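Report on one structure; see the data block that follows.
Every read-out reported here was derived from the displayed coordinates using simple, explicitly stated rules and does not represent laboratory data. Remember, it's a predicted structure, so these values are computed and weren't measured experimentally. For neighbour counting, all protein chains shown are included, and Cβ atoms are generated from backbone atoms with ideal geometry for every residue, glycine included.
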Amino acid sequence: MLTNSTILVTGGTGSFGNTFIPMTLEKYNPKKIIVYSRDEMKQWNMAKRLKDDPRIRFFIGDVRDRDRLYRALDGVDYVVHAAATKIVPTAEYDPFECIKTNINGAMNLIDACIDKDVKRVVALSTDKACSPVNLYGATKLCSDKLFVAGNAYAGGHVTRFAVVRYGNVMGSRGSVIPFFLSIKDKGVLPITDERMTRFMITLEQGVELVWRAFDDMEGGETYVRKIPSMKVVDLAKTIAPEAKLDFVGIRPGEKLHEQMITVEDSFFTYSYPDYFKILPATDNWVTPVDRIKGGVMVTEGFVYSSDNNKEWMTKETLCAWVEQNMERIRERRSR
């Protein structure tokens, strides 16, 4: 599907874009990937890492800027929406700015993609959009709803929208593994609560889920990959076995466990071998077989949470992953 196509990635110089772009170039050989982001230095650094690949175009722009989006989307077939204000305390302290990017930016992109007849759009979401307890999660839930509704809003246009949702990305900038690695020599690791659990997904698995969405979507679906969980205490002991654990308590807007499918979602959720698909509960979109495609509906009351997961990552698996990816983790921390 993506072969010989033109793809635009908003927020394309972030952790996701730095993984999605080289993987997609190698697997699909698209005609062009447009990196749409605000930071010229990150774009310059990415160009060097990609050795000025002629299939890459860089476009300075902000999803808040409606006119700039219209210009950037000329001739684009597919869009991955990765741009967001993501840091929870930042969103709490600067809520107006978070809303401008995560909600107003989503609306700008939806309008522009419809008017430019983009074929398919996949928006990245987060576990924090599932029963949100902080502003960031609330804005992403709103964004998810906007993208799902965009399929009706498109009317007779060809554009279709879907969402992918995943939680803690292993090794991404600002995530717990690079943080623990950066301070382990101090001999003390801060832990919110000894009961805390997190889902564990790699950036590569996140990219594959986006590919899956592009290939499978009819419009309005939310995709959730099946991934293992891990206790944060076990994660810390794997990263720094000799370090002391300092239990600091839950911070504002933080959850003990990540959740990606709620009880309310369960009435519209289907299970597949390696992912779940939440169908939209509007306009009878939950029943057509072209959206279900052989999936099995989950049991009523099903919840997909990091503490009730059937699959758990072992310390040995995490240790092997860290050893294999140490160089890339250092690179991401320096960007």
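I'd like the Kirkwood hydrodynamic radius of region 210-330, using the inverse of the mean 1/r over distinct C-alpha pairs, in Å. Walk me through the intermediate numbers first.
Numbers: mean 1/r = 0.0588 Å⁻¹.
Kirkwood radius, region 210-330: 17.0 Å.
If a/c stays under 1.5 just call it rounded; otherwise compare a/b with b/c (prolate if a/b is bigger, oblate if not). Do that for the chain, with a ≥ b ≥ c from the square roots of the Cα gyration tensor eigenvalues.
Oblate, since a/c reaches 1.5 and b/c is not below a/b.
Quick one: grab the alpha carbon gyration tensor of region 220-274, order the square roots of its eigenvalues as a ≥ b ≥ c, and give me rounded if a/c is under 1.5, else prolate or oblate depending on whether a/b is larger than b/c.
Working: a/c = 4.30, a/b = 1.97, b/c = 2.18.
Oblate, because a/c is 1.5 or more while a/b does not exceed b/c.
If each of residue 256 and residue 87 carries a label point 7 Å out from its Cα toward its Cβ, how far apart are those two points in nm?
So the label points at residue 256 and residue 87 sit 2.9 nm apart.
Could you work out which residue, out of 165, 38, 120, moves most in a Gaussian network model of the chain, that is, has the largest mean-square fluctuation with Cα springs under 10 Å?
Largest GNM mean-square fluctuation: 38.
Taking the chain as a Gaussian network, Cα atoms linked when under 10 Å apart, which of 313, 200, 41 shows the biggest mean-square fluctuation?
Per the Cα network of the chain with a 10 Å cutoff, 41 tops the list.
Multiplying the sequence separation of residue 179 and residue 1 by 0.36 nm and subtracting their Cα-Cα distance, what value in nm do you get? Can you show the working numbers first?
Values: separation 178, 0.36 × 178 = 64.08 nm, distance 3.72 nm.
60.4 nm is the gain from fully extending residue 179 to residue 1.
Run the simple label-point estimate for residue 289 and residue 55 please: 7 Å along Cα→C-beta, distance reported in nm.
3.6 nm
As a test, work out the antiparallel percent of DSSP beta bridges whose residues both lie in region 217-328, rounded to the nearest 5.
90 percent
Treat every Asp and Glu Cβ in the chain as -1 and every Lys and Arg Cβ as +1, leave all other atoms uncharged, and give the resulting dipole magnitude about the Cα centre to the nearest 20 debye. Mind dumping the intermediate values first?
Values: 47 positive and 44 negative charges, 163 e Å.
Charge dipole of the chain: 780 debye, to the nearest 20.
Apply the Kirkwood formula to region 64-118: the hydrodynamic radius equals the inverse of the mean of 1/r over all pairs of different alpha-carbon atoms; give it in Å with one decimal.
Mean inverse Cα-Cα distance, inverted, gives 11.9 Å.
Please go through the residue pairs 255/310; 119/277; 116/145; 100/145; 27/310; 27/100 and name each one whose alpha carbons sit more than 27 Å apart in this structure.
27/310; 27/100
For the chain, set up a Gaussian network in which alpha carbons nearer than 10 Å are linked by springs, and say which option among 286, 121, 296 fluctuates the most.
Result: 296 has the largest fluctuation of those listed.
Restricting to Cα atoms and excluding each atom paired with itself, what does the Kirkwood estimate give for region 117-203 in Å?
15.5 Å
With a Förster radius of 35 Å, plug the Cβ-Cβ distance of residue 282 and residue 237 into 1/(1 + (r/R0)^6) and report the FRET value to the nearest 0.05. Could the numbers behind the result be given before it?
Details: r = 45 Å, r/R0 = 1.30.
In this case the efficiency is close to 0.15.
Please state the charge dipole magnitude for region 183-335, taken about the Cα centre, from unit charges on C-beta atoms (+1 on K and R, -1 on D and E), reported in debye and rounded to the nearest 20.
Taking the Cα centre of region 183-335 as origin, the dipole is about 620 debye.
Just the number, please: Stokes-Einstein D of region 28-112 in µm²/s, Kirkwood Rh from C-alpha pairs, 20 °C, 1.002 mPa s.
In µm²/s, the coefficient is 152.
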